[in-house]
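Here is the structure we will look at.
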Amino acid sequence: MKIEDIRTPGRLTPKESELRVAFLEQVGVIPGGEKIKACIQCGTCTGSCPVSYAMDVPPRELIALFRAGDMEALLKSKAIWTCASCYACQTRCPAAIKITDVIYALKRTAMERKIYSAKFPVHSLADSFMKSMFRFGRLNEPRLMVYYFLKSGFWKAFSYLPLGLKMAGKERIEYRASKIKDIKGLRKIMKAAEKLDMPIEYEVKPYREEAVGYKAVG
Amino acid sequence: MEKHEKIGVYICHCGVNISQTVRVEEVAEALKSNPEVVVSTTYKFMCSDPGQKMVEEDIQKHGLTRVVVAACSPHMHELTFRNACERAGLNRYLFQMANIREHCAWVHSDVDAATAKAKALVNAAARRVAWQEPLQPMKAKINPGTLVVGGGIAGIQAALEIAESGNKVYLVEKESTIGGQMAKFDKTFPTLDCSACILTPKMVSVSHRKNIETLTLSEVEEVSGFVGNFKVRIRKKARYVHDNCTSCGECAKVCPVRVPNWFDEFTQQRTAIHKAFPQAVPNTYVIDRQDKPPCTEACPIRQEAAGYVALIKQGRFHEAAQLIHKRNPLPIVCGRVCYHPCETECNRGYVDEPVAIQHLKRFALDWEMKHNGRFEPPKIDKKRKEKVAVIGSGPAGLTCAHDLALNGYPVTVFEQHSVLGGMLAVGIPEYRLPKKLLEMEIEYMKGMGIKFKTNSKLGADFTLESLLKQDFKAIFVAIGAHKGVKLYVPGEDLEGVISGVDFLRRVNLGISREIGRHVAVIGGGNTAIDAARTALRCGAEKVAILYRRTRQEMPASPEEIADAEAEGVHIAYLTAPTEISGKNGKVTGLRCTRMKLGEPDSSGRRRPIPIPNSEHELEFDTVIAAISQSPDIACLNGKSTVHLDSTKWDTLQVNPETLQTNVPNIFSAGDVVLGPSTIIASMGGGRRAAESIDKFLNNQPLKDYKTHVVRPEIFRGESFRPHSYAPTYKETPRAPRTHAPKLDPQQRAAIFAEVELGYSEEQAMREAARCLSCGVCVECHECERVCEPKAVDYSMPDEIREVEVGQVIIATGYDIFDASKMFQYGYGKLKNVYSSLEFERMLSSTGPTGGKVLLENGKEPRAVGIIHCVGSRDANFNRYCSRVCCMYAMKFAHLVKDRTSAEVYQFYIDMRAYGKGYEEFYSRILEEGVNVIRGKVAEVVEKKTPDGDKFLNIRCEDTLIGKFREIPLDMVILCNGLQPNKTADKIARQFGLSRSPDGFFLERHPKLDPFSTVSEGIYLAGCAQGPKDIPDTVSQASAAAGRALAMISKAEVDLDPIRAWIDERYCSGCRICNNLCPYHAIDFIEEKKISLVNDALCKGCGTCVAACPAGAITGKGFSDRQIYAELEGILAG
């Protein structure tokens, strides 16, 4: 029997509960994040979302999936990377759920666990962006593109060639990458922030075993 | 210190409520260490029958002298165990309860800590109970009267139930009618009964019951007392209509004011005198007077300016003229030359420009004269014997004479000149006030029976003494200020120098119109302008006004200045004469100096300072000095033995309030008191003097003046509203003042014809429409005029009622959630988005559309959306479910389907159809084809079709298919949640009630006592306690009434004897406590020289206990020893 298939009454499968712990740790960073359990599935979030048409799973269903115990489907969804961070859902939610923040928690979990939606490499763009920032302290487009295409598929780069040439013709590309003055200081800040951003050691509550399953979400 | 009592301690498990957090056995064991504790045990349910039996048996078996039960809150079961003790023969006050459920088990999760706390609490109770003393409960009579606060269906039902038993009920309602929110509904769910059909019979039977006293427009102001003996002070706001109103509705037909009706949720207009709806109870009209219009308040004679402006707005010019004439003795004069303080105070002036009240007044009177000829003097029925003399026929004298004549006094007016009118006749030029109009006013006065004696000068032809000898019982001195003030510069005696008043008098009396070629007028007041313009008309070639300050400081009215300049008068500012130069005794010129402005002086204007070396010479042949006037009081005291006090400015000294001089029957007002002042101020003085003289001759005290009210300060920021239905200043649409036409300046400068031409009818109506109707009622007295039974009474005061009742039922109901807070739904911004109550009114046959479902443009909607849970089940607003919205939404859906062919969409989160017949109603509307969509609406926006047709677009997720949907609609109805009435906070403070976090009143027990409060004798009914539908409200109201009736039939109530008690041995008779007691419950006994507490009045507050320097006062049940023991118990753990 595979570890995924072990079922016990009142418990999630071990893999699911492991993902859930990772996610709840991320949610724990959000003030008021525990409100996620109070969802009344009214759909205000989906109705308010300006990009819900492009989502494979509407925001309301993200929370429904979490309830249903399907973390994997949740993390693999395109929707969490589609969110435009307009916070419309969050301001209107009648259950005071921090939906946009929860979606960020999902993104962080996905990056931590390396569970991504196939063929929707927004996370690699985010990674590349951070890398450029870390190296130069500012955004350098040609390098960003190099990092990004190395991650998401080298051959794709050629489809961008016409646009690149056009931009080069109009001198819209900066070839030389210059660093900011105090790049070391910025890197220190970023490292410190990384520590904060990813699960905060001293704030993570030890989840009791029974609090991990359905009981945790009522 | 040991007491050697035998104490029994019982710890309750309360099922597992207590025992799962507190180790009860351990607590019981710990208590055994106290040597006085004989029994210490635990039991699963102490409050059960076996539990109580256990206590009773132990008392008998072990001879317990004290009992402690540690269980739930004393609110729940203190009474239970006290009764148990009493049954076993132990005094009920030798029992003490420790609360280890609410205070330990329910609020802690740490078992060790909770157990330790429980031990401390029980130990404290055990130590305390040892010192408790047997007490006897006190009895108090129960007043059989009941106060019901709130006249909605809950209040009505409760009042009727109690009245049925024959007991007295006071039903207090803050609006003008009972009926509450239910009266606004059209149909009720799920049976679709007509709300009016089932409610109005109940309302009528309330009014028919002799033992129900309905107090509408009333609010509770103060509550004191305790169960069975409440004293309540109620303020009953004036209705301004007496009970003999027959509700014929004639008054509403003539009322010129239109404001939105609160009853129709502001969707329909009503008049200021109104009835909320045709079936209102009490069925009498009411005048909505929110504030006094500032124009009326500002007028010294309290002319109802807003009233005639409103009448002119409607084109009722005759009524307007009548109204003006009723209050104003010199209306034509005021319409032309009044200083109009009303316009200065006009609220409209803070929006753009003040309403042209004076022009409107003139228009109304001109119209009346043109169409109906002269005014008929009123018939005066009253006849008085006391003769009154009025000296001076100026505005003050005429007003006083007019008012006294109206009261029936024979009045004689003495005038020194040959013409009547005082300054009006001799001071104001013809082109501003044509003499024939003034004569009309005088004719009117003569018609009233006032006698006039011209050419009789005080001091020369008669004296005050001679008047008194002629049996005049009172004299009014209004001789004005006719003496020009001198310039006090060299050369003033030269020929060609004349004072302004003298010049004007000369011209007005037709003595001479002679004037030089180059005229200088010195001064900046209205007299200076009048003199300059008159000089022009008399043929002067060049007229210049010299003023020592700038135009801003000029006291003359700005319009007059502009008119003078237009006619060619040159005004030299910052110029002052230093010398009048002359040759051969005649004026040849003026030596002037230039001035600059310095620091403000006592009048608030900047003081002019001469600029050195700026002297220059100007050529003139005539100089008119019009700097000021002063009264000529030499004539008063010359040969007379009657002496009147004067001030250093040569004015008369009077009491500023009563206008009485130092001689009791001589009064004075006008310029002789004020110095040079305005017509209207003098008229105000004359009116008040008339009131004083009337009071004096009737031997009444001279106070409480109707004509003399202190004007309140009004804050007028951008958010100010002239009345509660008006838009704020910021939102008021701007509209410029309509300017009255004038004669051409070139043409008019040579003739004495009237300059101002007055409004046309259309201009007047346009200008009057700018009035903001401040304070709703504009006091036009039209309703008073048409009311046949004479029920309208503007002078009705607010009434304060003190009632004594035994119990109170709070039925203050709810308000609907303000949907404009959820701006995504566009309520208040988008057209065709309605709140639930607005839609109820639309459905009602007495509503704005007469029961038809129509859009703003009058068309029938093609699709209607109904949004549930607006402001309910929402963490941003109210967490709770409002219970009724799903059902009334379905009612709406049904009625829309029934009355239109529109497609209906319902957007719900969870459909809650929980009552009898409710689920069936849900099935019914589903079968009727209503589209039911599960999903909360995200937003409502307005959109346009390609042909410009506007519609509302709803965006939401249909959660059952997991799809985002956009639905085009014509109308959106919001299902506003219910929230506590906005008065709930005030009521809670007045009655000392608690409220749950949602704001509704807290019931004693949510399951077993949902209609009582923790305060004995105060009960709850209806939505004041929580959202509920009509059947539940009625049931709860009846239950509350039942509880009140049970108290009434009990007739007596046991009160805890927790009172202050004075130990006579220690009382030193210092009487400190006597004055400190807030209830005046402590009396000093003279014989014994000690103080004693009156138990009936004492509330046991303990103030005296703390204050007594001898320590002679003890709170029964709260003695020092008991409290120390309790503290020791807690600290010992």
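No lab work stands behind these numbers, since they all come straight from the coordinates. In this text, all values refer to a predicted model and were calculated from it rather than measured experimentally. Note: ideal-geometry Cβ built from the backbone for every residue, glycine included; neighbour counts use all protein chains shown.
If the limit is 24 Å between Cα atoms, which of A:Lys107/A:Lys184; B:Lys469/B:Lys695; B:Lys453/B:Lys695 go over it? Mind showing how you got there, number by number?
Values: A:Lys107/A:Lys184 27 Å; B:Lys469/B:Lys695 22 Å; B:Lys453/B:Lys695 26 Å.
Long pairs (Cα-Cα over 24 Å): A:Lys107/A:Lys184; B:Lys453/B:Lys695.
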query = About its Cα centre, how strong a charge dipole does chain B have in debye, to the nearest 20, once Lys and Arg get +1 and Asp and Glu get -1 at the Cβ?
reply = 880 debye
Cα-centre dipole for the range A:3-118 with unit charges at Cβ (Lys and Arg positive, Asp and Glu negative), debye to 20 = 180 debye
task = List every residue whose amide H lies under 5 Å from the amide H of B:Ala98, counting only residues 5 or more places away in sequence or on a different chain, with H placed 1.01 Å from N in the peptide plane.
result = B:Val69, B:Ala70, B:Ala71
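Ranking B:Tyr308, B:Tyr339, B:Tyr794, B:Tyr409 by Cβ neighbours within 10 Å, fewest first, what do you get?
Values: B:Tyr308 35, B:Tyr339 17, B:Tyr794 14, B:Tyr409 25.
Least to most surrounded, the residues fall as B:Tyr794, B:Tyr339, B:Tyr409, B:Tyr308.
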message = Positive end of the dipole of chain A, charges at C-beta (+1 Lys, Arg; -1 Asp, Glu), about the Cα centre: which of A:Leu125, A:Ala168, A:Thr109 has its Cα farthest in that direction?
response = A:Ala168
remark   = Taking Lys and Arg as +1 and Asp and Glu as -1, residues besides B:Arg785 with C-beta under 15 Å from its C-beta add up to -3
query = Between the range B:524-564 and the range A:153-176, what's the alpha-carbon centroid distance in Å?
reply = 83 Å
query = Counting DSSP beta bridges with both partners in chain B, what percentage is antiparallel, nearest 5?
reply = 50 percent
message = Please report the net charge: other residues with Cβ closer than 10 Å to the Cβ of B:Pro434, K and R +1, D and E -1.
response = +1
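Sort the following peptides by mean Cβ neighbour count (other Cβ atoms within 10 Å, averaged over residues), highest first: B:194-202, B:1038-1046. Before the final figure, lay out the partial values.
Working: B:194-202: 17.0, B:1038-1046: 20.7.
Highest mean packing first, the order is B:1038-1046, B:194-202.
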remark   = Of the residues B:Phe226, B:Gly307, B:Ala276, the Cα lying farthest along the dipole of the range B:223-322 towards its positive end, which is defined by charges on the beta carbon of Lys, Arg, Asp and Glu, belongs to B:Phe226
inquiry  = If amide hydrogens are placed 1.01 Å from N in the peptide plane, which non-local residues have theirs closer than 5 Å to the one on B:Lys963?
reply    = B:Asp958
Within the protein assembly as shown, percent of DSSP bridges classed antiparallel, to nearest 5 = 50 percent
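What does the charge dipole of the range B:625-766 about its Cα centre add up to, to the nearest 20 debye, if the Cβ of each Lys and Arg holds +1 and the Cβ of each Asp and Glu holds -1? Working shown, then result.
Values: 16 positive and 16 negative charges, 69 e Å.
Rounded to the nearest 20 debye, it is 340 debye.
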request  = Just order B:224-230, A:156-162 by mean Cβ neighbour count inside 10 Å, highest at the front, would you?
outcome  = B:224-230, A:156-162
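Between rounded, prolate and oblate, where does the range B:817-980 land on the alpha carbon gyration tensor, with a ≥ b ≥ c its root eigenvalues, rounded for a/c under 1.5, else prolate if a/b exceeds b/c? Intermediate values should be presented prior to the final figure.
On the way: a/c = 1.27, a/b = 1.14, b/c = 1.12.
Judged from the Cα gyration tensor, the range B:817-980 comes out rounded (a/c under 1.5).
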inquiry  = If the reach is capped at under 15 angstrom between alpha carbons, list the aspartates and glutamates near B:Lys379, excluding any in the same chain fewer than eight residues apart.
reply    = B:Asp403, B:Glu443
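As a check on your grasp of the helix formula, calculate [θ] at 222 nm for chain B: sum -39500 (n - 2.57) over DSSP H runs of n ≥ 4, divide by the residue count, round to the nearest 500.
Details: 34 runs with 335 residues, N = 1133.
Only helices count here, giving -8500 deg cm²/dmol.
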query = Average partner chain C-beta neighbours within 10 Å, per residue of A:34-46?
reply = 6
query = Which entries in B:Lys313/B:Lys370; B:Lys184/B:Lys1007; A:Lys15/B:Lys963; B:Lys852/B:Lys944; B:Lys451/B:Lys648; B:Lys253/B:Lys730 show an alpha-carbon gap greater than 22 Å?
reply = B:Lys184/B:Lys1007; A:Lys15/B:Lys963; B:Lys852/B:Lys944; B:Lys451/B:Lys648; B:Lys253/B:Lys730
Under the Karplus curve 6.51 cos²θ - 1.76 cosθ + 1.60, θ = phi - 60°, whole-Hz ³J(HN,Hα) for the range B:424-430, x wherever Gly or Pro sits = 4, 8, 9, x, 9, x, 4
key: Built amide H within the under 5 Å cut-off of B:Leu590, gap 5+   = B:Ser581, B:Leu618, B:Glu619, B:Phe620
note = Ranked output for segments B:679-692, A:54-67 by mean other Cβ atoms within 10 Å, highest leading, reads B:679-692, A:54-67
key: For the range B:817-980, with +1 on Lys and Arg beta carbons and -1 on Asp and Glu, the positive-most of B:Pro980, B:Ser872, B:Tyr825 along the dipole   = B:Pro980
ask   = Per-residue HN-Hα couplings for the range B:235-242, Karplus 6.51 cos²θ - 1.76 cosθ + 1.60 at θ = phi - 60°, whole Hz, x for Gly and Pro?
value = 9, 9, 5, 5, 8, 6, 9, 7
key: Shielding by partners - mean other protein chain Cβ count within 10 Å, residues of B:877-883   = 1
ask   = Most fluctuating residue of A:Gly43, A:Gly28, A:Gly164 in a GNM of chain A with Cα springs under 10 Å: which is it?
value = A:Gly164
note = In terms of the alpha carbon gyration tensor, root eigenvalues a ≥ b ≥ c, rounded if a/c is under 1.5 and otherwise prolate when a/b exceeds b/c or oblate, the range B:683-803 is oblate
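I need the shape label for the range A:122-179. Rule: rounded when a/c is under 1.5, else prolate if a/b > b/c, else oblate, with a, b, c from the alpha carbon gyration tensor. Let's see the in-between values first.
On the way: a/c = 2.66, a/b = 1.12, b/c = 2.38.
Oblate, since a/c reaches 1.5 and b/c is not below a/b.
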query = Quick one: Karplus J couplings for the range B:854-866, per residue in order, coefficients 6.51, -1.76, 1.60, θ = phi - 60°, nearest Hz, x for Gly and Pro?
reply = 10, 7, 4, 7, x, 8, 7, x, 8, 8, 10, x, 10
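Just counting partner chain Cβ atoms within 10 Å, what average do the residues of peptide B:644-651 show around their Cβ?
Values: counts 0, 0, 0, 0, 0, 0, 0, 0.
Mean partner shielding for this stretch: 0.
Considering only Cα-Cα distances, which of the following residue pairs are longer than 28 Å: B:Lys446/B:Lys706; B:Lys435/B:Lys706; B:Lys174/B:Lys1028?
Result: B:Lys435/B:Lys706 exceed 28 Å.
Can you give the net charge of the other residues whose Cβ lies under 10 Å from the Cβ of B:Gly394, counting K and R as +1 and D and E as -1? Let's see the in-between values first.
Numbers: positive: none; negative: B:Glu415, B:Asp671.
With Lys, Arg at +1 and Asp, Glu at -1, the neighbours total -2.
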task = Would you list which aspartates and glutamates come within 20 Å of A:Lys151, measuring only between C-alpha atoms, while excluding same-chain residues fewer than 8 positions from it?
result = A:Glu112, A:Asp127, A:Glu141
task = Would you mind ranking B:Cys1023, B:Cys104 so that the residue whose beta carbon has the fewest other beta carbons within 10 Å leads the list?
result = B:Cys104, B:Cys1023
note = For B:Lys1099, counting only lysines whose alpha-carbon sits under 17 Å away and dropping same-chain residues fewer than eight positions off, the answer is B:Lys139, B:Lys141, B:Lys231, B:Lys1116
